[in-house]
Amino acid sequence: MNPDALMNTATALFFLCYIPEFYANYVNKNANIYNVVEKVVLLLGTGFALGYAVETKNKALIVNYGPLFAIDVAALSMRTYYAFRNRTRDVRALSESSIDIENPLHDQL
């Protein structure tokens with residue numbers, strides 16, 4: 001199998017993984033500051049990989065990491081926006097109050 005085809009398949013799979021994340025962020029709009037750190041580290045890793053690809057002039061890696069870098073920037077921007085927007089809300093309190101779970105042990109007491 002052609003190694004470039006493997007890299008292109010990997011890129012397509014990475015993009016597919018981001019679709020549910022973008023959808024969940026857009027629908028829920030509940031990112032907090034703790035979610036942003038993960039995206040910063042991921043963006044740094046992708047940036048270093050893209051830098052390596054450009055430095056070595058490896059076209060297959062550039063085709064892989066270029067779009068991934070762009071989508072990581074978009075994901076970080078979205079998470080940062082929602083974290084900034086929700087900075088005054090306590091997400092833990094919202095999630096605890098919205099869950100209505102019956103406690104069988106409590107009901108027996």
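Each value in this text was obtained by applying a stated rule to the coordinates, not by laboratory testing. These numbers come from a predicted model, not from an experiment. Backbone-built Cβ (ideal geometry, glycine too); neighbour counts: all protein chains shown.
Structure notes:
- The residues of segment 39-75 that are among the charged types (D, E, K, R), touching a residue at least 24 places away in the same chain (Cβ under 8 Å) and either out of contact with any helix residue (DSSP H, G or I) (no Cβ under 9 Å at 6 or more places or on another chain) or under 18 Å from LEU13 (Cβ atoms) (or both) amount to a single one, ASP72.
- If you go through segment 24-59 and keep only what is farther than 30 Å from ARG89 by Cα and either surrounded by 17 or more Cβ atoms within 10 Å (Cβ to Cβ) or within 10 Å of the chain's Cα centre (by Cα) (or both), you end up with THR46, LEU50, ALA53.
- Exactly one residue among VAL63, VAL36 is within 26 Å of ASN86 (Cβ to Cβ) and in a helix (DSSP H, G or I), and that residue is VAL36.
- The single condition among (1) surrounded by fewer than 16 Cβ atoms within 10 Å (Cβ to Cβ); (2) assigned to a helix (DSSP H, G or I) that THR88 does not meet is (2).
- Top-ranked residue in segment 1-23 [being surrounded by 12 or more Cβ atoms within 10 Å (Cβ to Cβ) and within 10 Å of the chain's Cα centre (by Cα); ranked as farthest from TYR82 (Cα to Cα)]: TYR18
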